[in-house]
1. How many residues are surrounded by fewer than 24 Cβ atoms within 10 Å (Cβ to Cβ) and under 16 Å from Ala185 (Cβ atoms) if we restrict to region 34-58?
2. The conditions are (1) modelled with pLDDT of 75 or more; (2) surrounded by 20 or more Cβ atoms within 10 Å (Cβ to Cβ), and Leu207 fails exactly one of them. Which is it?
3. Identify the residue in region 170-180 that is open to solvent by 10 Å² or more (accessible area, probe 1.4 Å) and at pLDDT 75 or above and, among all such residues, is farthest from Val73 (Cα to Cα).
4. Considering only residues that are of a type in the set (Ser, Thr, Tyr) and touching a helix residue (DSSP H, G or I) at 6+ places or on another chain (Cβ under 9 Å), look in region 244-267 and name the one that is farthest from Pro40 (Cα to Cα).
5. Exactly one condition in (1) of a type outside the set (Val, Ile, Thr); (2) modelled with pLDDT of 80 or more; (3) surrounded by fewer than 19 Cβ atoms within 10 Å (Cβ to Cβ) is not met by Leu5; state its number.
6. Consider Leu115 against the criteria (1) in a helix (DSSP H, G or I); (2) surrounded by fewer than 24 Cβ atoms within 10 Å (Cβ to Cβ): it satisfies all of them except one. Which criterion is unmet?
7. So is Leu281 in a helix (DSSP H, G or I) and either out of contact with any helix residue (DSSP H, G or I) (no Cβ under 7 Å at 6 or more places or on another chain) or modelled with pLDDT under 80 (or both) or not?
8. Go through region 37-86 and give me each residue that's among the acidic types (Asp, Glu) and within 15 Å of Gly155 (Cα to Cα).
Amino acid sequence: MRKLLILALVGLAAQLVDGALGMAYGLTSSTLLLFAGVAPAAASASVHLAEIGTTLAAGVAHWRFGNVDWQVVGRIAVPGAIGAFAGASFLSSISTESAVPWMAAILFTLGAYLLVRFSRPLRANTGGGRLRGRFLSPLGLVAGFIDATGGGGWGPVATPALLVSGRMEPRKVIGSVDTAEFVVAGAASAGFLIGLGSEGFLLPTVLALLVGGLVAAPIAAWLVRIVPAQLLGATIGGVIVLSNARTLIRAGEFGGPVPSLVYALLGAGWLVALALAVRALRRTRRARLVAEAALAAEA
């Protein structure tokens, strides 16, 4: 019972992070399950099954807050589903021994990406123009495959690419990516069901993650407007990096002073990233205040 309660709290926290950043529900949940010794395919399968419910709730909440561009959702969700199904089939077909370092390496890389991204100022040029299918389709395909094989990755791949395009408001990027993920999670779950059978899903874990995520979904859709994404992204990135570094060190059978040295370097890097994130956040807020003062003076 205690374990299920902890998993429910993890699901709640992961959904709050995902709703605020447009990413990291799968990364956070899968990292914890791998840390607890769950087989990679079972971890990814369980997380994606839970995500069917959490992403549905998140999509409805984002829609009600006006955060969804349905044209983008339509163009990215179907290729994403194809990629996710292929990724789930691939992960189901390889041995647990091979899958553990593979999945940990993907999660480590995505966590490092979060650290780097959110340690720098977040810029978004919301210029004109529409996103085309020739950009969205390959993006969805790659993001879906990485998401299923890594136990997470849809948001960290899709959200930054859409933000960098400069053609959508950040809140609509996050809302659209979260909404499309419902289709992606369903396709991944279907792939795991075919590859692993129903016994591949840890149903108590799925239920606990789902309950926590459903509670957090409407709160997260509201928090996306006010939460300091800069600091949150850097914090979560560090947690994911350190957790999966442990798995990779064990897989590599490194001994002696190597593990301690690696942890020390990664910890120092995390502290630097947090400091840079705080500085970038302060600069952004200062620049916003100056711009608002200038507009007020002109009026």
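1. Residues in region 34-58 being surrounded by fewer than 24 Cβ atoms within 10 Å (Cβ to Cβ) and under 16 Å from Ala185 (Cβ atoms): 5 in total.
2. Against the list (1) modelled with pLDDT of 75 or more; (2) surrounded by 20 or more Cβ atoms within 10 Å (Cβ to Cβ), Leu207 comes up short only on (2).
3. Keep residues of region 170-180 that are open to solvent by 10 Å² or more (accessible area, probe 1.4 Å), which gives 170-172, 174, 179.
Then drop every residue that is not at pLDDT 75 or above, which leaves 171-172, 174, 179.
On the way: Arg171: 14, Lys172: 10, Ile174: 11, Thr179: 7 Å.
Ranking the qualifying residues of region 170-180, first place goes to Arg171.
4. Applying the first criterion (of a type in the set (Ser, Thr, Tyr)) to region 244-267 yields 247, 260, 263.
Those still in the list that are touching a helix residue (DSSP H, G or I) at 6+ places or on another chain (Cβ under 9 Å) too: 247, 263.
Details: Thr247: 12, Tyr263: 23 Å.
Selected residue: Tyr263.
5. All conditions are met except number (2).
6. With (1) in a helix (DSSP H, G or I); (2) surrounded by fewer than 24 Cβ atoms within 10 Å (Cβ to Cβ) applied to Leu115, the lone miss is (2).
7. So Leu281 fails the test.
8. We begin by selecting, within region 37-86, every residue among the acidic types (Asp, Glu); these are 51, 69.
The one that is among the acidic types (Asp, Glu) and within 15 Å of Gly155 (Cα to Cα): Glu51.
The values are calculated or read from the model by the stated rules, or taken from the named source; none is laboratory data. The structure presented is a predicted model; accordingly, all values stated were derived computationally and were not measured. Cβ sites come from the backbone with ideal geometry, for glycine too, and all protein chains shown count toward neighbours. Please note that ligands, DNA and RNA were not included when accessible areas were found on the heavy atoms of the full protein model with its side chains. Shrake-Rupley method; radii C 1.70, N 1.55, O 1.52, S 1.80 Å.
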